[in-house]
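Taking it in order: structure first as C-alpha cells, then the write-up.
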Amino acid sequence: MTRTSSRYTFIAAGLTVGALLVSCTAQPIPSATTSTSSHSTAHPSLGTSVPSHVTTNLQAPWSVVFLDGTPLVSERDSARILELAEDGTAREIGTVTGVTGSGEGGLLGMAVDDQSRLYVYSTASSGNRIQRYSVTGTAGSLSLGEPQTIIDQIPAAGWHDGGRIAFGPDGMLYAATGDAGQRGTAQDPASLAGKILRMTPDGDVPEDNPFPDSLTYSYGHRNPQGLAWSDDGTMFATEFGQDTWDELNIITPGGNYGWPTVEGIADTDGFTDPVQQWEPSEASPSGMVNIEGTLFIANLRGQVLRAVPSAHPATSTDYFSGEYGRIRDVAESPDGDLWLITNNTDGRGEPGPEDDRILRVHPSMR
C-alpha cells in the first residue's frame, strides 16, 4: 500500500528557529511516499522490499535489543523478556518483578551496555524506574539475573510514561520520560518528568551535564519515545504531541522544547523548535534507529515506517503505510537488517491473526 500526503510541515535545519517554514507536497515513489529533497548523498532505501517475519504472536511488545547477537524483546503488559531463536521461536528468560503499570505503563524500553548488561525501564508502584540485570547462560538458555535499581521514582501514570532508553556515543545512558499527565512537570527543573535524562551506567550525574547535580539533559517534553544519534553524534528524539503536532527534535544540552507552553514549530524565544513535525494522525512516532545516516522512525497512529536523512532532517520518505498496523519500535540487527515491531495488541490497534509481529527488511544504498 502506498500513501501520498501533503500535510507535513518542516523547518529547515541549520537556520534560525522558525525563520523558514517549508511546506512540502509529497510525491509518490514505488512502495513509499517521499517529501521533496535536493540532496544526492547515498543513503539507505527500502525500495520495493517486502519484509519477512522474524516472529509472530507476541503480546504488546515494546522494545527489541541484541545481547551478544541474541535478540531480546520486552512485552509491556506481561512484563516478560523473551529471547528469540533463529527460527523465531520465543522463549522467556525472566519476568521483571514489581511491574504495576496499566495503560501506557508497564515493561517498556531496554538497552545493552558494552559489558553485555541489560538495562530495563518499567513502571512500578513508586513510579517509573531503570534497573540493570546481568544475563547468564548462552543463546537458547539465557536467564535474567537479579535487578539493580539505577534510578527510580520517575513520575508515572496510565499515559505519557516515555520509556525509551539508549546508550549514546559518549557511553552515557539516556532516558526519555513523559510528563505523566501533569503538564507543569515538563518545565519543573526539580521533576524527572517530561525530560531527557543523561546518566552514567551506574545512574550518577555526569560532571558535564548542563545543570549542576541534575540528570536533566533537556526539558519541556510531553512524551518522547525515540532516541538516536547520527553518524556525526547529533542526537535526535521523537515526541508525541497532543492534538496538533508530533515532533522530531535535535537535542542539545540544556535545551527547552516548549511543552506545555508550545507544541510544534512556534518560533518563540527560549524554546527549541522541532526540525520536522507531523499531524498526530499521520505519526505518533515511537522508536527510532540510525542506519548509515538515515533515521528510521516507527509510527503508531500513522501506521507507517518513516525514513529521515539525518543530514537533511526536514525531508522524509514513508514505507509500508497501513500495511502492518501500528509500529512501536525499530532496531538494526547485527547483520544490518532493519527490524520492525508491530503494536496491534496493545489495546489501541486491530490485531490480525499473527499479531503482534517482528518483521525484517534489508536496506539497500541508493
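The values are calculated or read from the model by the stated rules, or taken from the named source; none is laboratory data. As the structure is a computational prediction, the values presented were derived from the model and not from experiment. A quick note on method: Cβ atoms are made from the backbone with ideal geometry, for glycine too, and the neighbour counts reach across all protein chains shown. Keep in mind that these areas ignore ligands, DNA and RNA; they rest on the heavy atoms of the full protein, side chains included. Shrake-Rupley method; radii C 1.70, N 1.55, O 1.52, S 1.80 Å.
The set of residues in region 163-205 that are in contact with a His (Cβ under 8 Å, 6 or more places away or on another chain) and closer than 22 Å to Val64 by Cα comprises Ala176, Thr177, Gly178, Ile196. Within region 221-239, being of a type in the set (Ser, Thr, Tyr) and crowded, with 24+ Cβ neighbours inside 10 Å holds for one residue alone: Thr238. For region 145-183, the tally of residues that are under 23 Å from Leu82 (Cβ atoms) and buried (at least 22 other Cβ atoms within 10 Å of the Cβ) stands at 9. Test Thr200 against the stated conditions and say whether it is closer than 23 Å to Val112 by Cβ, modelled with pLDDT of 95 or more, of a type in the set (Ser, Thr, Tyr) and crowded, with 20+ Cβ neighbours inside 10 Å. For Thr200, the condition - closer than 23 Å to Val112 by Cβ, modelled with pLDDT of 95 or more, of a type in the set (Ser, Thr, Tyr) and crowded, with 20+ Cβ neighbours inside 10 Å - is not met. Being open to solvent by 10 Å² or more (accessible area, probe 1.4 Å) and either at pLDDT 95 or above or more than 24 Å from Gly293 (Cβ to Cβ) (or both) is the requirement here; does Ser102 meet it? It is true that Ser102 is open to solvent by 10 Å² or more (accessible area, probe 1.4 Å) and either at pLDDT 95 or above or more than 24 Å from Gly293 (Cβ to Cβ) (or both). Restricted to region 55-162, the set of strands (runs of 3 or more DSSP E) holding at least 2 residues that are of a type outside the set (A, V, I, L, M), closer than 20 Å to Arg198 by Cβ and touching a residue at least 60 places away in the same chain (Cβ under 8 Å) is empty. Where strands (runs of 3 or more DSSP E) fall entirely within region 175-289, those with at least 1 residues that are in contact (Cβ under 8 Å) with a residue 60 or more places away in the chain and either of a type in the set (Phe, Trp, Tyr) or under 25 Å from Ser63 (Cβ atoms) (or both) are at 224-229, 235-239, 246-251, 276-278. For region 254-275, filtered to residues that are surrounded by fewer than 20 Cβ atoms within 10 Å (Cβ to Cβ) and of a type in the set (A, V, I, L, M, F, W, C), the residue that is nearest to Gly241 (Cα to Cα) is Val262. Residues of region 331-366 that are within 15 Å of Ile297 (Cα to Cα), part of a loop (DSSP other than H, G, I, E, B) and not charged (D, E, K, R): Asn343, Pro363.
Here's the yes/no breakdown for (1) open to solvent by 10 Å² or more (accessible area, probe 1.4 Å); (2) in contact with a strand residue (DSSP E or B) (Cβ under 7 Å, 6 or more places away or on another chain); (3) at negative phi:
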| position | (1), (2), (3) |
| --- | --- |
| Thr317 | yes, yes, yes |
| Phe320 | no, yes, no |
| Glu323 | yes, no, yes |
| Trp339 | yes, yes, yes |
| Thr345 | yes, no, yes |
| Ser364 | yes, yes, yes |
